[in-house]
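Just so you know, all these numbers are worked out from the coordinates, no wet-lab data involved. None of the values given here were measured: they were computed from a predicted structure. Methodologically, a virtual Cβ is constructed for each residue, glycine included, from the backbone with ideal geometry; neighbour enumeration extends over all protein chains shown.
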Amino acid sequence: TRGVTARLLLVNERVFALSDARVNATSDPTETARHGEHLYVMKPTMKSAPKSAGMGTWSDEEYAHPGLQALYLRLKSFQRFTESWALFERAAARGVFDPWLQSAGGGGGSGEGENGGNGGGGSSGGRALLRVASLGGGPGYELLALAWYLEQLAGERGVAPPRLDLVSLDLQPSWEPYLLALPEPAEAEAGGGGTTYRFAQWDIKAGVDARDAAGGPLDLCLVSNVLVYCSDEPSAAVLAALLESGVKAILLNERGGEQKMVGMVERHGVVVAKLLDQDSAAGRDDRQLVFAPAGTSLPSPSGALAHVFPNVPYEESKQR
């Protein structure tokens, strides 16, 4: 845990310096910071809009506020990174990443086949290519967690990690500089060691295909605390369509224990795996999920998992 946390702290030194510079570039940095804290704490849009409006926690305009971004990054970066890491641990135990973690020549990798699709085996340098979009990904900490987690998992399995094309698709474009600050400067200058980070503007409700926004095919999608904005039938159709178009899985991390989206996508034939304990007195827990195409097998892990970040997301309220 210390090694991962120490790396994250170094990343955040760069990211926080950027956000501080944005605040300091305003005409009144103190007032900018104060108003940003007011927006973060009071959540005026969420409190003033009816639930049926689907406004979520903050409006797009509020997300663009330099003061709110500075506070958001300081608080949410750790939460989103650690919760995503825990999600990936649980998804890996279901075999989600197996196709991209095969030994060279093993035939299981995601090479670049015809029309940009997944090939059966070969890929540059024997390393599979994994193309991932974080839907509503903002500054991209879910993507950073995935890159580091797969690096660790590949080492544990004695195989090379996949090459990664990571794109954050988000409505608010001012997140892009923070995303691009995530990789180590030396790593970025050297071409990312096979990992690229990109940003593209996208709105799940605008009718634009996520693959078109991302610039090509996708293998996996990530969704982190986004369903509060889009738990409706059109959004369910968008997610189901992605799984019908080559996306192998959508990995979700959410707040509420009951997500309406589960039933919505199941009506489209989507396979849903609930990754958290469902057998405690607390009952249903939809906070971490995998959506997969119809017919996908996602068997439950045979034993207990060891977690880098224990009790993430918290489960202490689940009394037996």
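Computed from the C-beta positions of H35 and D279, the FRET efficiency with R₀ = 45 Å rounds to 0.50. Over 29 Å, how big is the tail of the calculated P(r) for the chain, in percent of all Cα pairs? Looking at the chain, the distances longer than 29 Å represent 37 percent of pairs.
Quick check: the distance between the Cα centres of the stretch 151-215 and the stretch 60-76, to the nearest angstrom? First find each Cα centre; the distance between them is then 20 Å.
Dimensions of the stretch 214-320 from C-alpha coordinates, computed as largest minus smallest value along each principal axis and given longest first, are 43, 27, 25 Å. Of the beta bridges in the chain, as assigned by DSSP with both residues counted there, near 30 percent are antiparallel. Of the two radii for the stretch 220-274, the radius of gyration is 0.91 times the Kirkwood radius, both from the alpha carbons; that is the Rg over Rh value. Taking a sphere under 14 Å around the Cβ of W202 and counting the other residues whose Cβ falls inside, with K and R at +1 and D and E at -1, yields a net charge of -3.
The convex hull drawn around the Cα atoms of the stretch 256-313, when projected onto a plane and averaged over every direction, covers 4.8 nm².
Taken over the stretch 129-204, the percentage of Cα pairs per 5 Å bin, counting from 0 up to the bin with the maximum distance, is 3, 17, 26, 24, 16, 8, 4, 1. For A25 and T196, the FRET efficiency from 1/(1 + (r/R0)^6), where r spans their Cβ atoms and R0 equals 30 Å, is about 0.60. Sum up the charges of everything whose Cβ sits under 12 Å from the Cβ of V96, counting Lys and Arg as +1 and Asp and Glu as -1, but leave V96 out. In short, 0.
Dividing the radius of gyration of the alpha carbons in the stretch 162-281 by their Kirkwood radius gives 1.00 for Rg/Rh. In the chain, once you exclude exposed GluC sites (Glu not before Pro) (DSSP loop, at most 14 other Cβ within 10 angstrom), what's the longest stretch remaining? It works out to 1-243. Over the chain, dividing the summed -39,500 (n - 2.57) contributions of all DSSP H runs of at least 4 residues by the number of residues returns a 222 nm mean residue ellipticity of -12000 deg cm²/dmol.
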